[in-house]
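Take this structure, written in structure tokens, and hold onto it; I'll ask about it next.
The values are calculated or read from the model by the stated rules, or taken from the named source; none is laboratory data. In this text the structure is predicted, and so the values were computed from the model without any measurement. Here the Cβ positions follow ideal geometry from the backbone for every residue, glycine too, while neighbour counts run over all protein chains shown. Quick note on the areas: whole protein, heavy atoms, side chains included, nothing else; ligands and nucleic acids left out. Shrake-Rupley method; radii C 1.70, N 1.55, O 1.52, S 1.80 Å.
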Amino acid sequence: MSNYHIKHLEEYYQVYRKSVRNPEGFWEEIAEEHFIWRKKWDKVLEWDFSKPEIKWFQGAKLNITENCIDRHLATRGDKTAILFEPNNPDEPSEHITYKDLYHRVNKFANVLKENGIQKGDRVCIYVPMIPELAIATLACARIGAIHSVVFAGFSATALSTRINDSDCKMVITADGSYRGKKTIDLKGIVDEALENCSSVKTVLVTKRINSDISMKEGRDKWLQPLLDNASNQCKAEIMDAEDPLFILYTSGSTGKPKGMVHTTAGYMVYTAYTFKNAFQYRENDVYWCTADIGWITGHSYIVYGPLANGATTVLFEGVPSYPDFGRFWQIIEKHKVNQFYTAPTAIRALAKQGTELVDNYDLSSLKVLGSVGEPINEEAWHWYNDNVGKKKSPIIDTWWQTETGGIMITPIPYVTPTKPTYATLPFIGIQPALIDENGEELKGNQVDGRLCIKFPWPSIARTIWGNHERYKDTYFSAFENMYFTGDGALRDEVGYYRITGRVDDVIIVSGHNLGTAPIEDAINEHPAVAESAIVGFPHDIKGSALYGYITLKDVGESRNHQNLSHEINQLIADRIGPIAKLDKIQFTLGLPKTRSGKIMRRILRKIASNEMENLGDVSTLLNPECVQNIIDNRL
Ligand code: 7RM
């Protein structure tokens, strides 16, 4: 039996039990055997959820880049670490070996130092999905600077808020970026943002689109000449286990974005271990996660988790629709991708295109399909399973959060039997609990409640940058001695978990608690439906009633909307019960989404409740234009 690499279900249960009975012993063994340390820890775990304070591997000394790069040089020096696939399919892909990566990270790290960056300084990285993004991130880690990656699709306001919150000394950016047919003037956005950021002394600019941009004297520097002159050797800064590795902002439902702080050793151990097992990664596999490094999914499962395992990780600059909706499949064929990890929103958009494009490509290299970010509805699950995996590649529906750092609930492919819409079993070391309205833990199976975690795991965020009180209030105050996720979940008869949506989205209709996911799931089963979102609105008798926003696969759907509404309600009644039937159904051209593809039900709820005056900040949406259209056609 190997604790590091789980191969069958019985082994999962054995290792799981071990990890729960003796978490310290379990994680100590994983940490000992699979990483390199400059000094081992004095204590594996110290924790107190009431403060809250969590420390893993206290006293240990390490550098995460030595684990992600240096230690692979002897055995994997010429192996591709990062496989860059550009936006334009006619531009060649780039294979960056572990040896190349070592030199490029070291050079970049030296440039950071020469420009005044020291251990503990915050560096904002606002770079599109090109190799420099991963390299800048690792270069910060090399010298102990704290990186704060901001998704390069965010606006100047969103960028300046994040820079100011953590007083970044430097911004790393590009002249511009490609996004399908379009180019984006990134440097212009940075210039606008920096009008309000006095902490930034230096801006390093990498060239991507060769646009004519203005450089501010004394502040802005082209990166390439600095790299050309830098040494390709840079000693790794020796970090404490609990030194911050990065800050990553996540927007809460209210207030300013929260800068989640992740620390070094625990984050490394957990992302590496989950990567190995959740994707069943084998030497020489080609792994591809389509997320942007600007999200936690990219941090943990494009950069750190894969590289810590010496994997080949694909970094894709483009979008699924360019030059056409076959791009993902073309890339899988081209690079013989073995593990493919994407989001339900992408799957639904691709499913809407039918099967012609996906059938055009050879996808036989695929072994594992992943899903993350939202509940994956049954319809999308089957489309993914049938047309992409050809019923041969297990789908891992991975539930986790920016705050958790790594995957928390997931099937282990070829180990855990999957079940559509279920994230299935807790990962090794994870102790979930479902809590009822009275704050009591629901024991046994066939229950649903609020999802909490009872015991710390190595990659839990340690605080919110500059606001520990808010960290405590948000995650540790709802229920005593538990981390509260903000999500609702149910546990079925065999102990499998299904995430039912954010609890702030739970709608109480005539005293029945209804999660959004199961209702949307039923609606999406209708063959004409592409996507849907359900919200509650005030109702005299029921308290709340249900308002459904539905987009159709074929916008020109000629069938009578009234008939469609009727069929959809019939489906809901069949799948869930008449209680969940919708009072209002609005057919829309699109649903408002965050840049990472999550449906913004908050906005839809306000529109349904006729509270359009205070829609809140819609500037960070992917598609702000659809909001007005929805308002104009509201029922
Ligand atoms: C990784 C990530 C976190 C929130 C989380 C959930 C939702 C994520 C799933 C999911 C159902 C899933 N981090 N969520 N994965 N819901 N099934 N497999 O997305 O911080 O950006 O979002 O996303 O509500 O709390 S995140």
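Checking the structure you have, find out if any residue of the stretch 411-419 is in contact with a His (Cβ under 9 Å, 6 or more places away or on another chain), on the phi < 0 side of the Ramachandran plot and more than 16 Å from the ligand (Cβ to nearest atom).
Taking every residue of the stretch 411-419 in turn, at least one turns out to be in contact with a His (Cβ under 9 Å, 6 or more places away or on another chain), on the phi < 0 side of the Ramachandran plot and more than 16 Å from the ligand (Cβ to nearest atom).
For the structure I just gave you, tell me whether Ile238 is open to solvent by 10 Å² or more (accessible area, probe 1.4 Å) and among the hydrophobic types (A, V, I, L, M, F, W, C).
Values: open to solvent by 10 Å² or more (accessible area, probe 1.4 Å): yes; among the hydrophobic types (A, V, I, L, M, F, W, C): yes.
Yes, satisfied.
Let me ask something else about it. Being among the hydroxyl-bearing types (Ser, Thr, Tyr), near the ligand (Cβ under 10 Å from one of its atoms) and either surrounded by 17 or more Cβ atoms within 10 Å (Cβ to Cβ) or over 30 Å from Trp465 (Cβ atoms) (or both) is the requirement here; does Thr355 meet it?
Values: among the hydroxyl-bearing types (Ser, Thr, Tyr): yes; near the ligand (Cβ under 10 Å from one of its atoms): no; either surrounded by 17 or more Cβ atoms within 10 Å (Cβ to Cβ) or over 30 Å from Trp465 (Cβ atoms) (or both): yes.
It is false that Thr355 is among the hydroxyl-bearing types (Ser, Thr, Tyr), near the ligand (Cβ under 10 Å from one of its atoms) and either surrounded by 17 or more Cβ atoms within 10 Å (Cβ to Cβ) or over 30 Å from Trp465 (Cβ atoms) (or both).
While we're here: Anything in the stretch 401-420 that is open to solvent by less than 10 Å² (accessible area, probe 1.4 Å), in a loop (DSSP other than H, G, I, E, B) and among the aliphatic types (A, V, I, L, M)? List them, or say none.
Ile407, Met408, Ile412
Would you check if Asn88 is open to solvent by less than 10 Å² (accessible area, probe 1.4 Å) and either closer than 30 Å to Pro225 by Cα or free of Cβ contacts under 8 Å to residues at least 24 places away in the same chain (or both)? Please lay out each step first, then the result.
Details: open to solvent by less than 10 Å² (accessible area, probe 1.4 Å): no; either closer than 30 Å to Pro225 by Cα or free of Cβ contacts under 8 Å to residues at least 24 places away in the same chain (or both): yes.
So Asn88 does not fit the description; no.
Only residues in the stretch 469-492 that are of a type in the set (Ser, Thr, Tyr) count as the first member; pair them with residues that are within 15 Å of the ligand (Cβ to nearest atom) and assigned to a helix (DSSP H, G or I), Cβ under 7 angstrom, at least 6 apart or cross-chain, and list the lot.
Tyr475/Glu403; Tyr483/Tyr475
Condition first: open to solvent by 30 Å² or more (accessible area, probe 1.4 Å), within 27 Å of Asp292 (Cβ to Cβ), of a type outside the set (A, V, I, L, M) and away from the ligand (no atom under 16 Å from the Cβ). Now tell me which residues in the stretch 582-635 satisfy that.
Residues satisfying the conditions are Gly616, Asp617, Ser619, Pro624, Glu625, Gln628, Asn629.
Against the condition more than 13 Å from the ligand (Cβ to nearest atom) and either in contact with a Pro (Cβ under 9 Å, 6 or more places away or on another chain) or not polar (S, T, N, Q) (or both), how does Arg498 come out, does it pass? Don't jump to the end; show me each part of the working.
On the way: more than 13 Å from the ligand (Cβ to nearest atom): no; either in contact with a Pro (Cβ under 9 Å, 6 or more places away or on another chain) or not polar (S, T, N, Q) (or both): yes.
Spelling it out, it is not the case that Arg498 is more than 13 Å from the ligand (Cβ to nearest atom) and either in contact with a Pro (Cβ under 9 Å, 6 or more places away or on another chain) or not polar (S, T, N, Q) (or both).
Which one is nearest to Thr516 (Cα to Cα), of the residues in the stretch 367-393 that are touching a strand residue (DSSP E or B) at 6+ places or on another chain (Cβ under 6 Å) and assigned to a loop (DSSP other than H, G, I, E, B)?
Here the residue is Pro375.
So, one more: Among the residues in the stretch 473-483, are any open to solvent by 30 Å² or more (accessible area, probe 1.4 Å), within 16 Å of the ligand (Cβ to nearest atom) and out of contact with any Ser or Thr (no Cβ under 9 Å at 6 or more places or on another chain)? Even if it seems obvious, please write down each step before you answer.
Here is the first cut: in the stretch 473-483, the ones open to solvent by 30 Å² or more (accessible area, probe 1.4 Å) are 473-474, 477-478, 480-481.
This time we only want the ones that are within 16 Å of the ligand (Cβ to nearest atom), so: 474, 478.
Pick out the ones that are also out of contact with any Ser or Thr (no Cβ under 9 Å at 6 or more places or on another chain) and you get 474, 478.
There is at least one residue in the stretch 473-483 that is open to solvent by 30 Å² or more (accessible area, probe 1.4 Å), within 16 Å of the ligand (Cβ to nearest atom) and out of contact with any Ser or Thr (no Cβ under 9 Å at 6 or more places or on another chain).
Report yes if Glu66 is in a helix (DSSP H, G or I) and acidic (Asp, Glu), otherwise no. Please lay out each step first, then the result.
Details: in a helix (DSSP H, G or I): yes; acidic (Asp, Glu): yes.
When the stated conditions are applied, Glu66 passes them.
So, one more: Quick one: what pairs do we get from the stretch 204-226, first residue touching a residue at least 60 places away in the same chain (Cβ under 8 Å), second surrounded by 19 or more Cβ atoms within 10 Å (Cβ to Cβ) and among the aromatic types (Phe, Trp, Tyr), C-beta under 8 Å, 6+ apart or different chains?
Taking only residues 6 or more apart or on different chains, the pairs are Arg208/Tyr178.
Residue check, His95 against (1) closer than 23 Å to Ala241 by Cα; (2) in contact with a Phe, Trp or Tyr (Cβ under 9 Å, 6 or more places away or on another chain), all met but one. Which one?
For His95, the exception is condition (1).
Among the residues of the stretch 326-352, count how many are more than 16 Å from the ligand (Cβ to nearest atom) and part of a loop (DSSP other than H, G, I, E, B).
Summing the residues that are more than 16 Å from the ligand (Cβ to nearest atom) and part of a loop (DSSP other than H, G, I, E, B) in the stretch 326-352 gives 5.
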